[in-house]
Structure formats: structure tokens, C-alpha cells
Amino acid sequence: MSGRPTPRVILDEGTAPAPRLDFGWEVQVAPPVPPARGWSTMALIGLGAAVLVLGFSLLEAGNFVAAQFAQAAWLGWLTLAVATAGFGLVFVAIGRELRGYLALGTVDRARAAVARGDPAALRSALAAWQAGLPEGRAKPGDLGNMPINAACALVEAKTLAPIAQDAAALGRAAAVQAFAVTAVSPSPALDALVFGWRGIRLVRQVAALHGFRPGIAGTVSLLRRVAVDAATVAATDVAVDAAVRGLLSSRLAEHVAGEAAAGAVAARRMMLLARAADEACRVLPR
Amino acid sequence: MDPLSLLRGLLDTTEDAARALVGRERIRLAVTGLSRAGKTVFLTSLIANLIAAGRGARTLPALSDATGGRIRRVFVVPAGTETVPRFDPEAHLGALAADPPRWPERTEDFSTLSIAIDVERRTSLGGLLPERRLTLDLIDYPGEWLLDLPMLRQDYATWSGETLARFRRGVRAAAAAEFLAFLDALPADAPAEDALAKRGYTLYRDALRACRDAHGLRFLQPGRFLNPGPRGEAPLLWFFPLPEGARGGLADLCARRYAAYLDDQRSTFLDPYFSRFHRQVVLVDVLGALHAGEEAFRDTGDALAAVASIISGANWLERLLGAAPTRVAFAATKADHVPTRARDALAALVEHIAFGARGRAAQSGAAVSCHAVAAVRCTEDAVARLEGQAVAAVRGVLLQDGRGATIYPGEVPMKPPEPDFWDAGLFTMPEFRPPRLDPAGTSGMPHLGLDALLAWLIGDLL
């Protein structure tokens, strides 16, 4: 052992305290940011077509108004009023679509804040979400003074749990209708049509419970979210479908139950759809 | 195994099987370690890093890789109606992150916490099926109490004989000189006088404290003499080891109290918490033992072997009932106190110091692995010039006065050192300030090797 240095502490020169070590841990462990998806080709084509249609319509309308003014002032004013009213309504509709579409972003912001563990961002997302809740819905109120865990628990108990119950009730009502339509419908094609229409309506109804009033774009976005959440319940659905059909596939049962089996499966799908829609619109993950 | 334990084991095994069937396994992870091995900080870091990993942070890359990135969510299981205090990772993390920071105080009582880990299933339909939930039951407790476990298989006479034999040699003899003198002066047929019992207890307890604090020894029994816990020093503790020839009322009184003490420890400590667990990690401050000298180093190995003979040494019936751990990890803690190149040596050394304990665990069919970990990394690598040589060292900020310092921890041998190694004398490693931490624990805590340890310990369960 001799000749080897012995353990020792070598103090830094000076007596000033040293800053605490910083390994840049937060940066090292930060979850990888998924590459920005940007606009898809279809979206770009759609947007381009919309710009062309709307832009050229505006230009054409402008030219037309100018031509009318050239003929007579009163004709020009009248044409301008008609064009303004028409385009005004179109822009109001676009604005409503956008608002409905962007409102769903509140859910994303709140969930991202939960995932990051960022209380300040979560508080602000929850405040924005509360402001958009429909009239008459119980709201958790001011969450600024309580710990974020307690605030989340209050939001869950006071608002999200009653909404989930209402969504389940809507699902049951839709299920009864789907069951009835499937049982009496003359063709499977009509079944699918009715089921599809009722399903979209149900998803929009559940979204309205959460304070979202999605337009067409919002509904499409919402349906995509619901499809993702529905994947988790799909396996149960498949199992129930198989079980019901298996149970009622004997000749005797077929005579007794007839098409009611298919109706039962359709009804159950409606209830699952309501649950998946509620899951997709929840501001806090379950 | 008595019939009641057998029945309880059968019921627990049935419950485990039912939980596994529905994807709701409950795993009891025993974090064992002698006093000051770093159990509380280990648990705090484990919980903070697991929760951050559940949020997508790469705090435990090896565990994440072992599970194929299927961890979806980690959260603390809400409290039920437990009568045991709850382990408070937020408070410990807050204290470490505070300015000035504080390391956790010596653990005085039990506390428990359960962590739920939601993972996607392994199968190709994993994305469609509901997630599996693994619940990890964790417990923190005074490390000194662990040494009571070997006493459960000894009667008072055997324990007295072995304890006094240890106390009559080495540094213990000097630390316990007053107690040994008291014993020598005691007549063999001393009456059952409480004054004598209490005097003997006080001297013995002081000897144990001196052995622990001044000499870094760990094989010190009974544990509650050093750390009486929340109930304080009850008359139950007023006993001490007596020589073989003692026959009188005092010997009977000490034997009765010894038996009562063990009954109490069995019912409050062993049976509820140590009778059944699935995985075990044994934390060893091997560097501290190395710096405390040859006797402390050997003593730590003996203490580990004695504890392992009870905890890991299961018989065939216990193994059949799933009451024995199937994986046992031995971890040298405070690995950040040595430079990177010495950490492999630290892991190799823990393999040697835990030789007896590993043997017991392996005999009972458990897979055994050795690691070097730092639950909270407090230093960075540095180079020091000592006596003309450049040596690998570590640099950190001292806890006491906040000054920066470079520490050369000495050579870390890969196997038990040769006799001349101890000529270097004793060394006390200073305490470091933890690095800058987020008090909310959003990104977990910087660590060394915790992910590899967890990947080995529970990776196969996820």
C-alpha cells in the first residue's frame, strides 16, 4: 500500500460557497419531441382548393360589383350589399368552424400539462375549459388557491363525473334507438346508414356536454380522437359481439331472437361509443 | 412453518395467482439495508424517477429499454385505511432540493407506500387490451432493526454467548470496556433487580452506540437499543447479554425480556413486513465500510450474511408458496463517491462483502446480481494531483459549509483487500450537497445505475 496516495479531501481555494452542481438533468431526460407533422398533402390540397374557390369568388364578386357600379350607382350598392351579406355569412360559418375546432385544443393543452407535470399550465388550461362549459353545468370554481392535485380531484368529482354519467345516459338513449332501428330496418345498408348518423350525433352530443360545439372540421377531428380511444374498448366489443352471436346462433335461439342479436350488438356499440367520446373530450386523463 | 403461516401463505399465493390472471399483480419489493445505507434516499429517488418515467421522461433508460417503452403511467396509489405512516417522497425531495439542502434524518419508524405502474401488454394485441397494472409495495424502516431478524432463531443463552464473544475482541472490547467491567463484577446469581437490569442495559446500549458511531460497526443487536422507534425506551428493552454461568433472577428476567422483545418485534416488524415478498434489494454502504477499517468491513459482511439467512434463506415450502424472493440484488450505494472507473470495482467488492448473504439467497433459488448505484448523484468526475501523481477523484459541494472540494476516495479494490491495505488508516467521507433539483420532482432525480438495478429487479414483471 505504501507509495499510493491515501484518501483525502482537497478544499477549493477561498471560502466562498460553491454553487450546487447542475448536471442538466431536466434536459437529458426530457421526452423526445415528436417531429412536427406539418400539413398533410390532402390538407394542403383542401386548403388550396378552399383559398382558390374563396379567393376567386371574392375577386369575381369584386369585379362584378365594380361592373355594376359602372352601370348604375344604385345597382352597384345593391350588388355590394348582397355580396357582403353572402360572404359575411360564409366567414361567420368559417369562424364558427375554426372556433369549434380550436376549442378541442384546450383538452390537448390540459393533458399535455398533466403529462409534463406543469401545474401553472394546467391551471390556465382548466380555467379556459371552465369558461367554455355550458350553462347549468356545475363548475369547480376558483382553483387558484388549492394544490393542483386537489384541484384535479375537485374537477373530476364536481364536473367530469356528472358529465360521464350524462354521457352514459345519452349512450343508453342512442342504444335504444339503434336497437329499435336495427330490429325493424328492411336492409343492412340502411342499418349502417342509421347507425353512422346516430353515432356522429351521439359524439357531438357528448362533446356538447364538455362545452365543445364542433362544426364539420371539429367533428372530423373529434371522430378521429374517439376512434383512438375506442380502440381500447374495441377488444371488449369484439368479445361481446362474438359471445352474443355464439349464444344466439343455435337454430332454436335464432327463431326466438331473430335479428334482435344484431340489434343488441349495435346497442352495445352505442354505449361504448358514448364512453369513448367522453374519454376523448375529458380535460383530464382518467 | 406453523399451520397458521401455511394457511396465510396459501391464501396469499392464491391471491397472487388471481391478480396475475387479471393483470393486476402486486409485488412486494423489500428494500433492505443496514443503518445509514441510504434506504430512504433510495426509495425517494426510485419513486420520483419512476413517476417521471411514467410521464415519458427518460429518467430510467435501462428500465424503459427492458420494457420496450411500454410504461404508460406511474402514480402513487391513494391511501386506504392503513395504520402505518405513509412514506412521504415529496417531503424528502423537498428537503433535498431546499436551500440549504437537508438529507433525510435517521429513520425512526415504519412508513409504507405503494406505486402503481400501468404498462401496455407484451402481446401483439397489447394496444387493444386493457393495460396491465403492477403495484409495487415499498416500505421504509430503521435499518438497525434489521439485525433483530437473526435473533429470532436464537434463544437468550445462545445470543448472549455469541454477542459477548464478539464484544470481547477487537475494537468492540475497547468501546464496551465499561459494560464488560460491569458484567465481570456481577455475581453469577445476581437477583432480579430492575436497577441492575437498567444499569446493564444503559451500559450495553452506550457500547452499541459507540461501536456504531465511532467505529462504523453494523452487526449490533438488538436494533431497538440503537433506535427505539416511536415508542421510546420501554422496560421491555431493559436486558443485556449475560455470560454463560449466570443463573440467578437477573438472568431469568433478562431471558424473559429477551423473549418478549422478540415476540414484539416479530408481531410488529417481521410478520407484517418481512414474511413475504417477491423481490429484494440489499443496500450496502461498502465504501463507508472500507473507509472504516478492516473490522468494520468484515463486520458489515457478517451482518449481511446473518440478515440474509433469515430474509433470503427460504425453505422449499416457502419457495413453493411464493413467499421467497425470486430475485435479490445487492447494491453498493453512494457510488457517486468514487470516480467512474472505480464503480465496477465497487460492484465487484459488494459481491465479495455479501458473499455469505449471496450464498443464502442463491441456495433458496433466487437469482442474484450485484450493482453499484447512487440514488442521488452528488459529484462529478475530477482529477487530483497527489504526491506528483494524477489520480481520478470526484468533485462535489460539501454539505456543511457549501464549499467546493475534490475528494480522492482512495483505491477501491475489486476483492477484499490485502492486510497492508488497511495501513492507509481510516477516512471519513464528507457529506455532499445534492445537485440542483426540481422540488416538484417533474424530471425525477439525477442518479447512477438505478435504472439498471430496476431493470434487472422488476423488468421481467413489466
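Report the one residue of B:Thr202, B:Gly293, A:Ala16 whose Cα lies farthest in the direction of the positive end of the charge dipole of the protein assembly as shown (charges on C-beta: Lys and Arg +1, Asp and Glu -1; origin at the Cα centre). Going by the Cα projections, it comes out as A:Ala16. For the protein assembly as shown, the dipole from Cβ point charges (+1 on Lys and Arg, -1 on Asp and Glu) about the Cα centre works out to 2200 debye, to the nearest 20. The peptide list A:278-284, A:113-119, put in order of mean Cβ contacts within 10 Å with the highest first, becomes A:278-284, A:113-119.
Comparing Cα centroids, the stretch B:270-305 and the stretch B:180-247 end up 23 angstrom apart.
For the stretch A:90-96, the Karplus equation 6.51 cos²θ - 1.76 cosθ + 1.60, evaluated at θ = phi - 60°, returns couplings of 4, 5, 4, 4, 5, x, 5 Hz by residue, with Gly and Pro reported as x. In terms of the mean number of neighbouring beta-carbon atoms within 10 Å, the peptides A:129-136, A:174-181 order highest first as A:174-181, A:129-136.
Per residue of B:402-410, other chain Cβ atoms within 10 Å of the residue Cβ number 6 on average.
Computed 3J(HN,Hα) for the stretch A:146-160, one whole-Hz value per residue from the Karplus formula 6.51 cos²θ - 1.76 cosθ + 1.60 where θ = phi - 60°, is 10, x, 5, 4, 5, 4, 5, 4, 5, 4, 4, 6, 7, 10, 5, glycine and proline marked x.
Annotation: amide H of B:Thr135 within the under-5 Å range of B:Glu25, B:Arg26, B:Ile27, B:Ile117, sequence separation 5 or more or interchain, hydrogens built in the peptide plane. Shape verdict for the stretch B:197-297, please, from the Cα gyration tensor: rounded (a/c under 1.5), prolate (a/b greater than b/c) or oblate. Taking the square roots of the gyration eigenvalues as a ≥ b ≥ c, the stretch B:197-297 is oblate. Of the peptides B:297-307, B:331-341, the order by per-residue mean of other Cβ atoms within 10 Å, starting with the highest, comes out as B:331-341, B:297-307.
Of all lysines in the structure, those lying under 22 Å Cα to Cα from A:Lys158, and not within fewer than 8 positions of it along the same chain, are A:Lys139. Taking every residue in B:427-437 and counting other chain Cβ atoms within 10 Å of its Cβ, the average works out to 3.
DSSP beta bridges fully contained in chain B are about 55 percent antiparallel. Applying a DSSP loop filter and a limit of 11 other Cβ atoms within 10 Å to the GluC sites (Glu not before Pro) in the stretch B:123-229 leaves nothing.
Averaging the sequence gap over all C-alpha pairs within less than 8 Å and six or more residues apart, then dividing by the number of residues, gives the stretch B:152-268 a relative contact order of 39 percent. Counting Cβ atoms of other protein chains within 10 Å of each Cβ in B:380-390 and taking the mean gives 2.
3J(HN,Hα) couplings calculated from phi for the stretch B:367-383 with the Karplus curve 6.51 cos²θ - 1.76 cosθ + 1.60 (θ = phi - 60°) are, in sequence order, 7, 10, 8, 10, 9, 10, 10, 10, 5, 10, 7, 10, 9, 10, 5, 8, 10 Hz; Gly and Pro show x. The separation of the stretch B:1-66 from the stretch B:391-442, counted between C-alpha centres, amounts to 30 Å.
For the protein assembly as shown, the antiparallel share of DSSP beta bridges with both residues in that region comes to about 60%. For B:His371, the residues whose amide H sits under 5 Å from its own are B:Phe330, B:Ala331, B:Ala332, ignoring neighbours fewer than 5 places away on the same chain, with H placed 1.01 Å from N.
The order of B:Lys198, B:Lys39, going from fewest to most other C-beta atoms within 10 Å of their C-beta, is B:Lys198, B:Lys39.
For the protein assembly as shown, what is the Kirkwood estimate of the hydrodynamic radius, computed as the reciprocal of the mean inverse distance between distinct Cα atoms, to one decimal in Å? So the Kirkwood estimate lands at 31.2 Å. Is the shape of chain B rounded, prolate or oblate, going by the alpha carbon gyration tensor and its root eigenvalues a ≥ b ≥ c, with a/c under 1.5 for rounded and a/b larger than b/c for prolate? Oblate, since a/c reaches 1.5 and b/c is not below a/b. Normalised by the number of residues in chain B, the average gap of Cα pairs under 8 Å and 6 or more apart makes the relative contact order 20 percent. Return the lysines within reach of B:Lys334: Cα separation strictly under 21 angstrom, same-chain partners fewer than 8 residues apart disregarded; answer none if there are no such residues. The reachable lysines, counting only those whose Cα sits under 21 Å from B:Lys334, are B:Lys39, B:Lys415. Among residues other than B:Thr112 with Cβ under 9 Å from its Cβ, the summed charge is -2 (Lys and Arg +1, Asp and Glu -1).
Over the stretch B:203-271, calculate the relative contact order: mean separation of alpha carbon pairs under 8 Å at least 6 apart, over the residue count, as a percent. It comes to 24 percent, rounded to a whole number.
Amide hydrogen proximity for A:Asp12: with H placed 1.01 Å from N in the peptide plane, the residues at 5 or more positions away or on another chain lying under 5 Å are B:Gly404, B:Ala405, B:Thr406.
Every number in this text was worked out from the coordinates using simple rules, so none of it is lab data. Everything numeric here is computed off the predicted structure, so don't read it as measured data. Cβ coordinates were reconstructed from backbone atoms using ideal geometry, including for glycine residues, and neighbour counts include every protein chain displayed.
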